[in-house]
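Read through the structure below, which is laid out as structure tokens, and then see the notes.
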């Protein structure tokens, strides 16, 4: 099954809202189960979240967009913009990190 990446960038001033919505966002990802390959926030140099990267397995681009469109960070307006594209995992050295 192909992989799709999601890159979401927080709208300016969204950190407090991001923190409030985070439990719902994590539940959404948890419900996707094994479809989630990896996920995590982008951070500034102070360690504050500024956006997200999520990679999932999906049947096609439309299915991937539907998965991401249900994410609470989108439905609650945390992200100012976001994009979805097909992704090829070429190197994976994440074991043990």
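Coordinate-derived values only; no laboratory data. Quick caveat: nothing in here was measured; it's all calculated off a predicted structure. Here the Cβ is made from the backbone with ideal geometry for all residues, glycine too, and neighbour counts use every protein chain on show.
Structure above, values below:
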quantity: Among (1) out of contact with any helix residue (DSSP H, G or I) (no Cβ under 8 Å at 6 or more places or on another chain); (2) in a strand (DSSP E or B) - the single one residue 8 does not satisfy; calculated: (1)
quantity: Subset of region 29-49 that is within 16 Å of residue 8 (Cβ to Cβ) and part of a loop (DSSP other than H, G, I, E, B) - its residue that is nearest to the chain's Cα centre (by Cα); calculated: 32
quantity: Residue in region 66-73 that is assigned to a loop (DSSP other than H, G, I, E, B) and either in contact with a helix residue (DSSP H, G or I) (Cβ under 9 Å, 6 or more places away or on another chain) or over 15 Å from residue 7 (Cβ atoms) (or both) present; calculated: yes
quantity: Region 7-36, residues that are free of Cβ contacts under 8 Å to residues at least 60 places away in the same chain, under 24 Å from residue 94 (Cβ atoms) and buried (at least 16 other Cβ atoms within 10 Å of the Cβ); calculated: 25, 28, 29, 32, 35, 36
quantity: Those residues of region 72-96 which are in contact with a strand residue (DSSP E or B) (Cβ under 8 Å, 6 or more places away or on another chain) and surrounded by 14 or more Cβ atoms within 10 Å (Cβ to Cβ), in sequence order; calculated: 73, 74, 78, 79, 82, 84, 87
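Results for (1) farther than 16 Å from residue 9 by Cα; (2) within 11 Å of the chain's Cα centre (by Cα); (3) in contact (Cβ under 8 Å) with a residue 40 or more places away in the chain, shown as yes or no for each residue.
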residue: 51; (1), (2), (3): no, yes, yes
residue: 62; (1), (2), (3): yes, no, no
residue: 71; (1), (2), (3): no, yes, yes
residue: 74; (1), (2), (3): no, yes, yes
residue: 79; (1), (2), (3): no, yes, yes
residue: 83; (1), (2), (3): no, yes, yes
residue: 89; (1), (2), (3): yes, no, yes
residue: 94; (1), (2), (3): yes, no, yes
